[in-house]
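Below: one structure, written as structure tokens.
None of the figures in this text is laboratory data; all of them are computed from the coordinates on show. Computed from a predicted model, the values in this text were never measured in an experiment. Cβ sites come from the backbone with ideal geometry, for glycine too, and all protein chains shown count toward neighbours.
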Amino acid sequence: MREQARGGLAFRTAMTAISTALVCVATAMFTIYVPATRGYFNLGETMVYTTALLFGPYVGALAGGLGSALADLLLGYPFYAPATLVIKACEGFIVGFLSRRGLRASSKLRKVLTLAAAFTSGSLLGSVGAHYYSGPMTLSLGPLEIQGFVPAALWICLGVALAVLVVALGFGLEPEAGWLVFSMLVGGSVMVLGYFLYEFAWFGWAALAEVPVNIGQMAVGMAVAMPLTRAVERRAPGLRHA
């Protein structure tokens, strides 16, 4: 029993270290600067959610908080690092906790939740992306800056694809898909609110400028985390319950 406990602790420690590095890399590798709040759009939510779904609330909290705060420091945003440490840790914990709790409900209620989660997540990704992240823009990939044009139709298609994916999983392969999306929506909402309150204390109502940015991060994170989590679990069955 003691050896099993040590093995479990070693596994979680290793996964926390790896996940922290992945969150940091995902956050830092692609950014869009937001002048109004001196913040930035990033892809960190993709790995915060994936880590929380796979390894639970404690690994999700540590990797989400530490990895994201480290990315703030490396990218030159030390002003956000303390808030990020707390906000992203809370986000990772909530997603991991709710996803592990599961949903004890009838098949009909599960399907209703799946449809609601599919509509909400798809609408957020399509509408926020089309409105705020389409048109000419400068994209940062590490040290590289790329001038490009992102069509609104791309975001609409991605929103529809995400909704279809959630419905397909919830009605077919994975009945709890709706609950997993709901878990990410709750965790993401806490992240959006946390950053708004922190920025409002410093910048006043200018903090509203980053609300759609953070909603976009949440939507993109859900769109990537759902298929990525499932792909990892196919390779390592039972990993989410380890």
**OP:** Using amide H atoms built 1.01 Å from N in the peptide plane, name the residues 5+ places from S134, or on other chains, whose amide H lies under 5 Å from its own.
**Re:** none
Original post:
Among rounded, prolate and oblate, which fits region 63-126 when a ≥ b ≥ c are the square roots of the eigenvalues of its C-alpha gyration tensor, a/c under 1.5 means rounded, and a/b larger than b/c means prolate?
Top reply: oblate
Subject >> For region 72-87, Karplus couplings with θ = phi - 60° (6.51, -1.76, 1.60), whole Hz, Gly/Pro x >> reply: 4, 5, 5, 8, x, 10, x, 4, 8, 4, x, 5, 4, 3, 6, 5
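Please sort 18-28, 151-161, 61-71 by packing, taking for each peptide the average over its residues of neighbouring beta carbons within 10 angstrom, highest first.
On the way: 18-28: 21.7, 151-161: 16.0, 61-71: 26.1.
Descending mean neighbour count gives 61-71, 18-28, 151-161.
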Original post:
Between L43 and residues 5 or more places away or on another chain, which pairs have amide H atoms under 5 Å apart, with H built 1.01 Å from N, and which residues are they?
Top reply: F30
Original post:
Residue-wise, which Karplus ³J(HN,Hα) couplings in Hz belong to region 188-203, taking 6.51 cos²θ - 1.76 cosθ + 1.60, θ = phi - 60°, and x for glycine or proline?
Top reply: x, 5, 5, 4, 4, 5, x, 5, 4, 5, 5, 6, 5, 5, 9, 10
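Quick check on region 176-217: take the gyration tensor over C-alpha atoms, sort the square-rooted eigenvalues as a ≥ b ≥ c, and tell me if it's rounded (a/c under 1.5), prolate or oblate. Present the calculation step by step, with values, prior to reporting the outcome.
Working: a/c = 5.50, a/b = 2.77, b/c = 1.99.
Verdict is prolate for region 176-217.
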